[in-house]
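First comes the structure, then the notes that go with it.
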Amino acid sequence: MTGWDILDKFINNFPPIAATVLLVVAAVIFLVGFSRRGLNFIKYGFGKIALDEALGKRFDRLEDRLLSMETRIAAIETNHFGHLKSFLSELTSILLDKGIINNADKARLDNQLRDM
C-alpha cells in the first residue's frame, strides 16, 4: 500500500464538499507559499522564513565584526609602518657612521623615506 492509496481512501471517506474544500485550501496554501518562496517552499515550507531572518541577523553581526577587524588591522599597519620608517632612518644613520654609505646616499634614502 502506497501513500497514494492511503490518500485515495482518506478522500473517498470524506463527503464530496469537504474533500473539495480541503483540496482548495491545500492548493491556495501551496500557491501562496510557492509564489513567495519558489522551490524553497517545497523544501522547507513556511519555516524557511524564520531561517532566513536568523541567517540575516548572523550575517549582519559577522559583517560588523569584520568591519571592526578591518579597522584594527589598518591601525596596526599604520603603526608598524611608522616604526619601520624610524628603524630605516636609524639604519641609514648607522651606515653613514660606519662609512658604508656617504652623505649623498643618506640624503637620497631619507628623501625616499619621507615620500612614503
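Miscellaneous remarks
- The chain: C-alpha gyration tensor shape, a/c 1.5 cut-off, then a/b vs b/c: prolate
- Efficiency of FRET from Cβ geometry, ASN111 and GLU77, R₀ 25 Å, rounded to 0.05: 0.65
- Amide H contacts of ILE101 (H built 1.01 Å from N, in plane; Pro and chain starts excluded): LEU96 sit under 5 Å, all sequence-distant by 5 or more or on other chains.
- In the chain, helices alone account for a calculated mean residue ellipticity at 222 nm of -30500 deg cm²/dmol, with every DSSP H run of four or more residues adding -39,500 (n - 2.57).
- Acute angle (nearest 10 degrees) that the helix 48-98 long axis makes with the longest principal axis of the chain, alpha-carbon atoms: 10
- Among the lysines of the chain, pairs that are 8 or more positions apart or on different chains and have alpha carbons within less than 30 Å of each other number 6.
- This model, with +1 at the C-beta of Lys and Arg and -1 at the C-beta of Asp and Glu, gives the chain a dipole about its Cα centre of some 240 debye.
- Net length available on complete extension from PHE87 to PHE14 is 17.4 nm, with 0.36 nm assigned per residue and the Cα-Cα distance removed.
- Efficiency of FRET from Cβ geometry, LEU39 and MET1, R₀ 35 Å, rounded to 0.05: 0.75
The numbers here are math on the coordinates, done by the rules we state, and not lab data. Note that this is a predicted model, so its numbers are computed, not measured. Reconstructed Cβ throughout: ideal geometry from the backbone, glycine too, with neighbour counts over all protein chains shown.
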